[in-house]
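A short reminder: the numbers here are calculations on the coordinates, not readings from a lab. Source: prediction; values computed, not measured. Positions of Cβ are backbone-derived with ideal geometry, glycine not excepted, and every protein chain shown enters the neighbour counts.
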Amino acid sequence: MNTTKEIKVAICDDHPVIRYGLSQIINNEPDIHVVVEASTPEELISNFEKSKPDITILDLELNDASGIDCLYELRQSNPNAKVIIYTAHGESDQIMEAIDLGIQGYLLKQSECSDIIKSIRVVFDGGTSLEPGIATKLLARMRDDQVKVENVLSKREVQVLDLLAMGKTNRDIARTLFISERTVKFHVSSILDKLHVRNRTEAALYARKQSPHDEHRYKAV
């Protein structure tokens with residue numbers, strides 16, 4: 001993991017106790033610091049440019065506001081922002097909306113402190129982090145047309161997809177497969193296109209949909 005750079009985190013949650021608790025957990029790490037504590041989307045957006053957080057932790061249920069709307073606004077002004085959803089509920093419709101908007105992580109509020117820190121580090125390094133229970137719920141929601149494209153991945157793309165599903169970054173994948181990061185980016189782009197998915201998170205979910213014991217879950221070409 002890349003821990004040489006300070007990781008700046010923004011928190012947007014309407015519950016003061018949650019914000020306080022998250023801040024205590026995060027600031028206890030020597031290289032991770034909370035730079036924004038917001039209770040409303042307006043607070044988050046107005047402070048984002050000034051503080052430039054690396055990771056935003058966002059609740060989906062805010063007083064008098066929608067976390068999805070907040071995420072949309074954040075995407076409009078900062079399309080490359082890395083976002084981890086941190087919520088008490090795991091409603092499939094909301095999760096899919098969030099994934100469509102390019103989130104990198106999804107955690108439930110009953111997660112362990114260590115899981116929160118791990119998720120921040122994984123997302124900071126370019127990976128994806130999904131609560132196992134959330135991933136299970138989403139597998140049934142993957143689009144039917146994905147089944148039709150199972151047989152189009154190359155052997156190398158299968159290897160890249162499997163590592164991507166483990167939350168590995170492009171750098172990790174390049175080191176594991178002894179290829180360049182540029183080549184990894186090419187393979188990831190090709191995988192997204194062939195599987196008709198929009199981002200790494202959806203690709204990772206697709207990979208988890210396959211049986212982990214089936215060595216021939218993709219027919220390499």
For this session: Excluding Leu177 itself, calculate the net charge of residues whose Cβ lies under 15 Å from the Cβ of Leu177, where each Lys or Arg counts +1 and each Asp or Glu counts -1.
Result: +3
Exercise. If the limit is 18 Å between Cα atoms, which of Lys109/Lys168; Lys52/Lys185; Lys5/Lys118; Lys8/Lys52; Lys118/Lys168; Lys52/Lys82 go over it?
Worked result: Lys109/Lys168; Lys52/Lys185
For this session: Would you mind counting up the charge near Arg19? Only other residues with Cβ under 9 Å from its Cβ, with Lys and Arg at +1 and Asp and Glu at -1.
Result: -3
Problem set entry | Cut-off 11 Å between beta-carbons: net charge of the residues surrounding Leu71, Lys and Arg +1, Asp and Glu -1 | -4
For this session: Using the Karplus curve 6.51 cos²θ - 1.76 cosθ + 1.60 with θ = phi - 60°, work out ³J(HN,Hα) for each residue of region 21-31 in order, rounded to whole Hz, and write x for Gly and Pro.
Result: x, 4, 4, 5, 4, 6, 5, 6, 7, x, 10
